1. Using θ = phi - 60° and the Karplus form 6.51 cos²θ - 1.76 cosθ + 1.60, what ³J(HN,Hα) does each residue of region 142-147 get, whole Hz, x for Gly and Pro?
2. Count the DSSP beta bridges whose two residues both fall in the chain, then state the antiparallel fraction as a percent rounded to the nearest 5.
3. Taking the Cβ of residue 60 as the centre, find all other residues whose Cβ is under 14 Å away and add up their charges (Lys, Arg: +1; Asp, Glu: -1).
4. Looking at the chain as a GNM with Cα springs under 10 Å, which of 102, 90, 14 has the largest mean-square fluctuation?
5. Amide H neighbours of residue 33 under 5 Å, at least 5 residues apart or on other chains, H built in the peptide plane: list them.
6. Amide H of residue 125 versus every other amide H placed in the peptide plane: which residues, excluding those fewer than 5 positions away on the same chain, fall under 5 Å?
7. In this model, which of 173/204; 21/87; 204/225; 21/204; 204/227 are farther than 21 Å apart at the alpha-carbon?
8. For region 183-231 and region 82-132, write down the distance between their C-alpha centroids in whole Å.
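Derivation of every value follows stated rules applied to the coordinates shown; laboratory data play no part. The model shown is predicted, which means the values in this text are computed figures rather than measured ones. Cβ placement follows ideal geometry from the backbone for every residue including glycine, while neighbour counts extend to all protein chains displayed.
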Amino acid sequence: MRGKIYGVGVGPGDPELMTLKAVRLIRESDVIAFPGKSAEESVAYQIARGAVPEIAEKTLVPVYMPMIRDRETIADRHRAGAGLLEKYLDRGQNVVYLTLGDSTVYCTFSYLQHIMEEDGYEVELVSGITSFCAAAARLGISLTEWNEPLHVIPASHRTGEPLDLPGTYVLMKSASHMRETKELLIASGREVSCVENCGMENEKIYRSAQEIPDDAGYFSLVIAKEKKDRDN
């Protein structure tokens, strides 16, 4: 009988933000998979270990999926990763795949999910706290009020688009194009905040676009809100 795989969000960085369900599934599963070459370099694994130290005693399965733009190579890596996990499922073992933030937002596990579901395996997604919700809480600001819309965009893929829609923008995946992103932010006239490494030991907070360094780290999330008339 085949095992079941769970795509489990571990939150943005602080182990205390992991859900009770994530902790339970990790404790109940013998096989723990995660993105990266090793447990030592996997941020998702390190977060989970902070909440569930006994995870180190499990069967640990790194799934290496490099961040490249060659679609054919990426597809090959996804197929290889899915095939690796399917070997454990074929043995009747349940697998927990750890992923940063939430398992439904720009999550690499979704590519593996599609393949494994097509191959007939049972997959369940377990939600985690998203990075932008955690960043907003850390900044002490709301993402939306009243009837404001929320726009979540991958900035590295859309650096030329103006931020001219009403509501609040969340810019993810912006670090590799931070200089261009900052130009858009400044031109938008919005109130800009950024959290780098939210919930981690090396967390940094920036309260304007000008403060954000051009070489901000990979885990940098920008929130750009419309300016409001504070007198009304």
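1. Along region 142-147, the couplings run 8, 7, 9, 9, 6, 10 Hz.
2. Details: 13 of 36 bridges.
The answer is about 35 percent antiparallel.
3. On the way: positive: 37, 49, 58; negative: 30, 40, 41, 54, 57.
Summing Lys and Arg as +1 and Asp and Glu as -1 gives -2.
4. 90
5. Those lying under 5 Å, H to H, from residue 33 are 61, 96, 97, 98.
6. 7
7. On the way: 173/204 16 Å; 21/87 25 Å; 204/225 19 Å; 21/204 29 Å; 204/227 23 Å.
Where the Cα-Cα span goes over 21 Å, the pairs concerned are 21/87; 21/204; 204/227.
8. Result: 31 Å between the Cα centres.
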